Amino acid sequence: QVQLVESGGGLVQPGGSLRLSCAASGSIFSISAMGWYRQVPGKQRELVAGISIGGSTNYADSVKGRFTISRDNAKNTMYLQMNSLKPEDTAVYYCNLVPYRYQYWGQGTRVTVSS
């Protein structure tokens, strides 16, 4: 059974940084492309960053140059380093496979960017 657990969110001022972590149980992590998604109330969940098994990355235009996704297959963990945060980055952040699997959505971790 696969379980994805997000952590690292919090309240940060504009321009600040946060590092999110996604811990995966089960064997699927090392054989799957993974991604970070985010959702704000009233909007669809969007993919903001993805990483292949080999480490190739891609980003939504809104976060390009500010966010960095990485993964440690030995630790079954994925990370999202978020720099130069903006109020519009405020959302609940989730990790999942790319493309996502509905049954793997976790609770997410809330990021609030506000002064």
I'm trying to understand the selection: among the residues of the range 1-43, which are among the polar types (S, T, N, Q), at pLDDT below 95 and open to solvent by 30 Å² or more (accessible area, probe 1.4 Å)? GLN1, GLN3, SER25, SER27, SER30
Out of everything in the range 82-113 that is open to solvent by 60 Å² or more (accessible area, probe 1.4 Å) and farther than 15 Å from GLU46 by Cα, what residue ends up being nearest to the chain's Cα centre (by Cα)? GLN107
Considering (1) modelled with pLDDT under 95; (2) open to solvent by 70 Å² or more (accessible area, probe 1.4 Å), say which one ASN58 fails and leave the rest. (1)
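The values are calculated or read from the model by the stated rules, or taken from the named source; none is laboratory data. What you see is a predicted model, and the numbers here were worked out from it, not measured in a lab. Ligands, DNA and RNA are stripped out before the accessible areas are found, and what is left, the full protein with its side chains, is counted by its heavy atoms. Shrake-Rupley method; radii C 1.70, N 1.55, O 1.52, S 1.80 Å.
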